[in-house]
Amino acid sequence: MSVIVRFAPSPTGPLHLGGARTALFNYLFAKKAGGKIYLRIEDTDRERSKPEFEQNIFDSLNWLGLKFDNSEPIRQSARSEVYQKVLTQLISTGAAYISKEENQAGSDENKRSEVVRFKNPNQTISFVDLIRGEITFDTKELGDFVIAKSLTEPLYHLAAVADDIEMGVTQVIRGEDHISNTPRQILLIEALGAARPTYAHIPLILAPDRSKLSKRHGAVSVTEYRARGYLPEALVNYLALLGWNPGTAEEIFSLDELVQRFLLAKVQKAGAIFDLVKLNWLNREYLKRLPDEILINQAPPEIDEKIVRKIMPLIKERLTILTDLKQLLGERGEFNYFFQPPAYGLELLKNQKHFKKLSELINSVGNRDDDFTAEKIKAKIMPYADQEGRSEVLWPFRAALTGREKSPDPFTVAAILGKEETLKRLVYAENLV
RNA sequence: GGCCCUAUCGUCUAACGGUUAGGACACAAGCUUCUCAAGCUUGGAAUCCGGGUCCGAUUCCCGGUGGGGUCACCA
């Protein structure tokens, strides 16, 4: 039987990391098996469902690179006649009934006087979870649960089950928080005489305090990570590693590589804490691998592209997220001395003794671009620095060029600035009083 | 609280019932050109507790404890 899975978010908020990982695992499982993955929008709650959230979910999934086999998502809000048919069937077979509700004083005003309830046969339901093994529930305590507000207003369990059956879903891969929903859904499936899918409940993503990751813990939506400057490849890679591993020491995987390696059986049972520090490391790894051209295009347009090109190796060493680029190159950024002469106080130089000699040595380096290189500058300066004391010479040299306590080495900086500008800055430092 | 899930370094995790319990991130130290970044090397760091099975349990079973999820006319 060919594999059919679905990702079925509810558009009541932007796509969050947990949802993204559920979508990813479904995607990996489907692609690995050569099956299909469908996107279904569970918008039966008209009040809470919003078009902008639906759009956010599409955009986020698309940004992550997760493609679905249905070009148009299945919207539950457009399928009420299907649910109505199912409800009618359930009622006609006696598996469900229209229930007159007592309106108790002080109860919710939105509550209807009539709803559709499922007639619970009070069985013990057990199913084999692909990740956890056999799980058993006594459904007695569930009671005759409500499956629709009315014939045209189905609730979650009914709609989900009806759709899964019609779509031929073979594996339901979803978050662990749905384990307790499973017996109810199985009851409905059996009442409809349909075949059960196989279930796989993936562990939750946890906040550092070990509770379910949520809004109150900070950034949780894919959109926020995108805006902060994380690469989709890094986020996908990290999310995959949260709760899954290939069984080898490898950690860097493209989406396609993940498809090759993914195995539901290797998914962890316990929840995993979302570790931003490790995501940062992965993002850095991906940023390092990114072609220079892409990074250069991300630089603020008012900045001299020639210089950006030259300092790209330096930039790459310092990037964690894409937005660091603007930080680094900005007016007050760490690398501003590449674009304008630095302003600094006399005390930063520690001494001005060596500038005359430094200027002479710099002058003796060739003028052409392939002469005025870090290596050649270093070859001229180091003997003098060794003779006078490295920190005695090198610190003032570097400080004069950058105006900073911390920076790349002076040879590299000088080579990037060029001979003329380097000399200018040395002369300025020498004459500083 | 009921029900369900779960338990290896701080975090993510590896380990046919037999390993000096491995790797990665983070951390610390050292090296690398004065400072930084990057890199390299080294180091510290874990099997929740108690029983049982077994010649031998991280691993299997039971109990406890901890953690999580869920108990809507939300999904």
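Below, the figures for the structure above:
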{"read-out": "Considering residues of segment A:330-363 that are aromatic (Phe, Trp, Tyr) and out of contact with any Ser or Thr (no Cβ under 8 Å at 6 or more places or on another chain) only, the residue nearest to A:PRO383 (Cα to Cα)", "value": "A:PHE355"}
{"read-out": "Residues within segment A:218-240 that are surrounded by fewer than 21 Cβ atoms within 10 Å (Cβ to Cβ) and either among the small types (Gly, Ala, Ser) or more than 15 Å from the chain's Cα centre (by Cα) (or both), tallied", "value": "5"}
{"read-out": "Enumeration of residues in segment A:272-328 that are part of a loop (DSSP other than H, G, I, E, B) and aromatic (Phe, Trp, Tyr)", "value": "A:PHE274"}
{"read-out": "Some residue of segment A:107-115 being within 28 Å of A:PRO14 (Cβ to Cβ), under 35 Å from the mean Cα position of the chain (by Cα) and not hydroxyl-bearing (Ser, Thr, Tyr)", "value": "no"}
{"read-out": "Single condition A:ARG398 does not satisfy, out of (1) more than 8 Å from RNA strand B (Cβ to nearest atom); (2) buried (at least 18 other Cβ atoms within 10 Å of the Cβ); (3) not aliphatic (A, V, I, L, M)", "value": "(1)"}
{"read-out": "Pair list, Cβ < 7 Å and 6+ apart or interchain, from segment A:128-147 residues that are more than 26 Å from A:ILE98 (Cβ to Cβ) and within 9 Å of RNA strand B (Cβ to nearest atom) to residues that are part of a helix (DSSP H, G or I) and of a type in the set (Lys, Arg)", "value": "none"}
{"read-out": "Considering residues of segment A:308-333 that are closer than 21 Å to A:ILE294 by Cα and over 27 Å from the mean Cα position of the chain (by Cα) only, the residue surrounded by the most Cβ atoms within 10 Å (Cβ to Cβ)", "value": "A:VAL308"}
{"read-out": "Filtered residues of segment A:404-432 (kept if in contact with a Leu (Cβ under 7 Å, 6 or more places away or on another chain), assigned to a loop (DSSP other than H, G, I, E, B) and more than 10 Å from RNA strand B (Cβ to nearest atom))", "value": "A:LEU432"}
{"read-out": "Given (1) within 9 Å of RNA strand B (Cβ to nearest atom); (2) not in a helix (DSSP H, G or I), index of the condition A:GLU392 fails", "value": "(2)"}
{"read-out": "Qualifying residue in segment A:70-77 (condition: within 20 Å of A:VAL3 (Cα to Cα), of a type in the set (Ser, Thr, Tyr) and modelled with pLDDT under 95)", "value": "yes"}
{"read-out": "Single match in A:SER71, A:SER99, A:SER92 (criterion: within 12 Å of RNA strand B (Cβ to nearest atom) and polar (S, T, N, Q))", "value": "A:SER99"}
{"read-out": "Lone unmet requirement of (1) small (Gly, Ala, Ser); (2) away from RNA strand B (no atom under 16 Å from the Cβ); (3) in contact (Cβ under 8 Å) with a residue 60 or more places away in the chain for A:GLY271", "value": "(2)"}
{"read-out": "From A:THR373, A:THR412, residue being within 20 Å of A:LEU329 (Cα to Cα), surrounded by 15 or more Cβ atoms within 10 Å (Cβ to Cβ) and not aliphatic (A, V, I, L, M)", "value": "A:THR412"}
{"read-out": "Which listed residue, of A:PHE53, A:PHE25, A:PHE29, is surrounded by fewer than 21 Cβ atoms within 10 Å (Cβ to Cβ), touching a residue at least 40 places away in the same chain (Cβ under 8 Å) and under 22 Å from the mean Cα position of the chain (by Cα)", "value": "A:PHE53"}
{"read-out": "From the options A:ILE98, A:ILE57, A:ILE37, residue that is in a strand (DSSP E or B), out of contact with any Phe, Trp or Tyr (no Cβ under 8 Å at 6 or more places or on another chain) and modelled with pLDDT of 95 or more", "value": "A:ILE98"}
{"read-out": "Residues located in segment A:258-272, provided they are surrounded by 14 or more Cβ atoms within 10 Å (Cβ to Cβ) and either basic (Lys, Arg) or out of contact with any Asp or Glu (no Cβ under 9 Å at 6 or more places or on another chain) (or both)", "value": "A:LEU258, A:VAL259, A:ARG261, A:PHE262, A:LEU264, A:VAL267, A:ALA272"}
{"read-out": "Failed criterion for A:GLU81 (all others in (1) among the acidic types (Asp, Glu); (2) within 26 Å of the chain's Cα centre (by Cα); (3) not in a loop (DSSP other than H, G, I, E, B) hold)", "value": "(2)"}
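The values are calculated or read from the model by the stated rules, or taken from the named source; none is laboratory data. Treat the numbers as computed from the prediction; the structure is a model and nothing was measured. Positions of Cβ are backbone-derived with ideal geometry, glycine not excepted, and every protein chain shown enters the neighbour counts.
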